[in-house]
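To start, the structure under review is shown below, and the notes come after it.
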Amino acid sequence: HEQDRTGDRRLLLKMQWLSAPGLALYGLTGTFAAVDWMMSLEPRWYSSIFGLLIIGGQVLSAMAFVIVALVLLTAYQPLGRVLQPRHMHNLGKLLLAFVMIWAYLSFSQLLIMWSGNLPEEIPWYLHRLEGGWRWVGVLLILFHFALPFFLLLSRDLKRTGPKLALLAMLVVVMRMVDLFWLTAPEFSPGRFHIHWMDIAAPVGMGGVWLAVFAWHLKTRPLLPVGDPYLAVVLEGEHE
């Protein structure tokens, strides 16, 4: 916002210098949060890949949300005139990449633990394969990976904003289902159960976050008009 107002290039350099340590800090805090808030629900269970799995899911959620928000904001100018199918195509490729990364990390954790067959690790998966929880796992395989993966192979879908946004919304919903599957079985092992707070909490917290996001968005231009690289990004043939 300050760069848009002043056009000071030094702000860009400052953000570039802060980005690398910021990523390192995010990796550490994200891993600690995954361990303290989720892995600790099963005290004897441990996974060295779990923190990376949660971080990968967060990045996937962020990319899907960006696509949905961007498509909705094309109703407002000048963003609607600037955004081209090639931009959506690039975002769709990134979404496909992060869907594949999430699937790779999830399968890697399962493969390592299942083949190791250690008593400290296997019960975590057994709790999620008993009762109705197994069908939540099937739902994740179908709609968190398989369907988005095959649909995102389509060039036409990736270049069509509304279609891509609908798929991104599905990914956001499935991200919440995945977090539910990672945590809820510890509270009702062997029996699928949904408490009303399981729905009210994310809807309430998400609603507050979206309200704050929309309020801040109204005070800022949709395009980073002070970014020195804006002209470079907008160059190229309009497709």
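Table for the structure above
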{"item": "Answer residue from the range 51-75, given it is touching a Leu at 6+ places or on another chain (Cβ under 6 Å) and more than 14 Å from residue 30 (Cα to Cα) and is surrounded by the fewest Cβ atoms within 10 Å (Cβ to Cβ) among those", "result": "73"}
{"item": "Scope the range 51-86; condition among the small types (Gly, Ala, Ser) and either modelled with pLDDT under 90 or over 20 Å from residue 105 (Cα atoms) (or both); matching residues", "result": "69, 75, 80"}
{"item": "Condition met for residue 83 (in contact (Cβ under 8 Å) with a residue 60 or more places away in the chain and more than 18 Å from the chain's Cα centre (by Cα))", "result": "yes"}
{"item": "Every pair of residues 6+ apart whose Cβ atoms lie under 6 Å, when the first sits in the range 106-134 and is within 16 Å of residue 43 (Cβ to Cβ) while the second is of a type in the set (Lys, Arg)", "result": "120/44"}
{"item": "Residues located in the range 109-127, provided they are in contact with an Asp or Glu (Cβ under 9 Å, 6 or more places away or on another chain) and closer than 20 Å to residue 190 by Cα", "result": "113, 114, 123, 124, 127"}
{"item": "Exclusive hit being free of Cβ contacts under 8 Å to residues at least 12 places away in the same chain, closer than 22 Å to residue 107 by Cβ and either surrounded by fewer than 15 Cβ atoms within 10 Å (Cβ to Cβ) or polar (S, T, N, Q) (or both), set 48, 19", "result": "48"}
{"item": "Residue within the range 40-48 that is farther than 25 Å from residue 91 by Cα, touching a helix residue (DSSP H, G or I) at 6+ places or on another chain (Cβ under 8 Å) and not in a loop (DSSP other than H, G, I, E, B) present", "result": "yes"}
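The values are calculated or read from the model by the stated rules, or taken from the named source; none is laboratory data. Everything quoted here is computed from the prediction, not taken from an experiment. Here the Cβ is made from the backbone with ideal geometry for all residues, glycine too, and neighbour counts use every protein chain on show.
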